[in-house]
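One structure is given below, encoded as structure tokens.
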Amino acid sequence: MSLNNNSNALVHPDISKHFNGTNLTAFESMISHILVGRGVDGYRTGLIPCPSPPNPSDPTPAATDWSSDTPSYAEWLRRDQWVRSTMALNITDIVELDINDKGTAQVLWNSISPEVLYGHCRC
């Protein structure tokens with residue numbers, strides 16, 4: 001796999017597999033398979049934290065593999081966006097389901113927790 005994998009987000013072709021508010025278990029399984037297979041599930045779970053932005057005077061860091069747990073700041077932003085896009089594009093209606101797609105992949109994922117789905121407090 002190339003170091004700078006800029007593949008498009010993955011969208012399941014069968015819309016019945018997209019998250020619709022009632023199929024969280026199936027959706028989680030599908031998304032997990034996609035993300036674990038690419039080595040980027042840590043963006044969804046928060047296990048790959050965002051590194052600090054670089055100092056402009058620092059040399060450009062060496063590129064890391066797509067599945068690296070220690071990406072550069074720029075790589076982290078790009079990979080987190082890929083994970084967020086992959087999840088968002090496999091959801092039938094983000095607005096109707098009141099899912100937050102304005103932050104990181106982890107923010108999006110946490111906004112579709114069972115508590116939110118079943119009308120409990122969004123704490």
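The values are calculated or read from the model by the stated rules, or taken from the named source; none is laboratory data. What you see is a predicted model, and the numbers here were worked out from it, not measured in a lab. Every residue, glycine among them, receives a Cβ derived from its backbone with ideal geometry; neighbour counts consider all protein chains shown. Only protein heavy atoms, including side chains, enter the accessible area calculation; ligands, DNA and RNA are left aside. Shrake-Rupley method; radii C 1.70, N 1.55, O 1.52, S 1.80 Å.
Quick notes on this structure:
- Selection count, segment 67-96, where residues are closer than 17 Å to Met30 by Cα and in a helix (DSSP H, G or I): 7
- Here Pro53 meets the list (1) farther than 25 Å from Ile94 by Cβ; (2) open to solvent by less than 60 Å² (accessible area, probe 1.4 Å); (3) of a type outside the set (Ser, Thr, Tyr) almost entirely, failing just condition (2).
- Considering segment 47-77, and only residues there that are hydrophobic (A, V, I, L, M, F, W, C) and more than 19 Å from the chain's Cα centre (by Cα), the residue that is nearest to Trp109 (Cα to Cα) turns out to be Ala63.
- Taken together, Asp14, Asp98 contain a single residue that is at positive phi and open to solvent by 40 Å² or more (accessible area, probe 1.4 Å), which is Asp98.
- If you go through segment 35-50 and keep only what is open to solvent by 60 Å² or more (accessible area, probe 1.4 Å), outside any helix (DSSP H, G or I) and hydrophobic (A, V, I, L, M, F, W, C), you end up with Leu47, Cys50.
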